[in-house]
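**Q** Pasting a structure here, questions to come.
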Amino acid sequence: MKKLLLCAFAFALLTGCQDNNQSYVNSKMNVFKKNTETTKAWLDAFMQNDSTAFFSDKFMSDDFIWSPPAVGMDSLPKIEWEKAFRGFMSNFNNKKLTNPQYFAALDDDNLPDGNVRVYGTWTSNFASNGKKSMLKWYAVLQFNEEGKLSHYMEWYDSADLSKEFD
């Protein structure tokens, strides 16, 4: 009888934990969906060269941090990120993120945390000569409780920024 009660208790505990875990995952996936829509709108502003929207407080937290793709480079404050991205906006035309894939970022337990991972290929034209460029890109975007971008980490081969394609 003791074993039966112990098994029933263990089953109830395990079932309750699974329900709580599923509720947590569902909650975080809802946050992820909202943050993905914010990410898409933010990237669209970049593609449209809408610097007013792209750099606005609508998307960015006051304590925003950028982790650039350069190996060994420290994370940088918002002002440095803005300077770099103003350069991208002026040096490249017709920017388009092709085949974007959005995935939930994961916490230390491999559960969704509400943040966004994005993979894709940027295509554009050099503003100076109109030649085509292509950049394979991966980013992780972390959001604060207000749904604003607080940490932007990206990876790509910066040598691709100087390659021209016909």
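The values are calculated or read from the model by the stated rules, or taken from the named source; none is laboratory data. Because the structure is a prediction, the values reported are computed rather than measured. FYI the Cβ positions are ideal-geometry reconstructions off the backbone, even for glycines, and counts take in every protein chain you see.
**Q** Filter the stretch 40-99 for residues that are touching a residue at least 24 places away in the same chain (Cβ under 8 Å) and acidic (Asp, Glu); which is surrounded by the most Cβ atoms within 10 Å (Cβ to Cβ)?
**A** Ranking the candidates gives Glu82 first.
**Q** Follow-up question, since we're still on this one. Among the residues of the stretch 137-159, are any farther than 21 Å from Thr36 by Cβ and small (Gly, Ala, Ser)?
**A** Yes, because at least one residue in the stretch 137-159 is farther than 21 Å from Thr36 by Cβ and small (Gly, Ala, Ser).
**Q** In this structure, does Tyr119 turn out to be surrounded by fewer than 18 Cβ atoms within 10 Å (Cβ to Cβ), within 12 Å of the chain's Cα centre (by Cα), without any contact (Cβ under 8 Å) to a residue 40 or more places away in the chain and assigned to a strand (DSSP E or B)?
**A** Here the answer is yes, as Tyr119 does meet what is asked.
**Q** Within the stretch 122-130, identify whether any single residue is under 17 Å from the mean Cα position of the chain (by Cα), without any contact (Cβ under 8 Å) to a residue 60 or more places away in the chain and not in a loop (DSSP other than H, G, I, E, B), and answer yes or no.
**A** So far as the stretch 122-130 goes, yes, one or more of its residues are under 17 Å from the mean Cα position of the chain (by Cα), without any contact (Cβ under 8 Å) to a residue 60 or more places away in the chain and not in a loop (DSSP other than H, G, I, E, B).
**Q** Separate question: Might you let me know whether the stretch 24-36 holds any residue that is modelled with pLDDT of 95 or more, more than 22 Å from Asn125 (Cβ to Cβ), within 18 Å of the chain's Cα centre (by Cα) and not in a helix (DSSP H, G or I)?
**A** No, the stretch 24-36 has no match at all.
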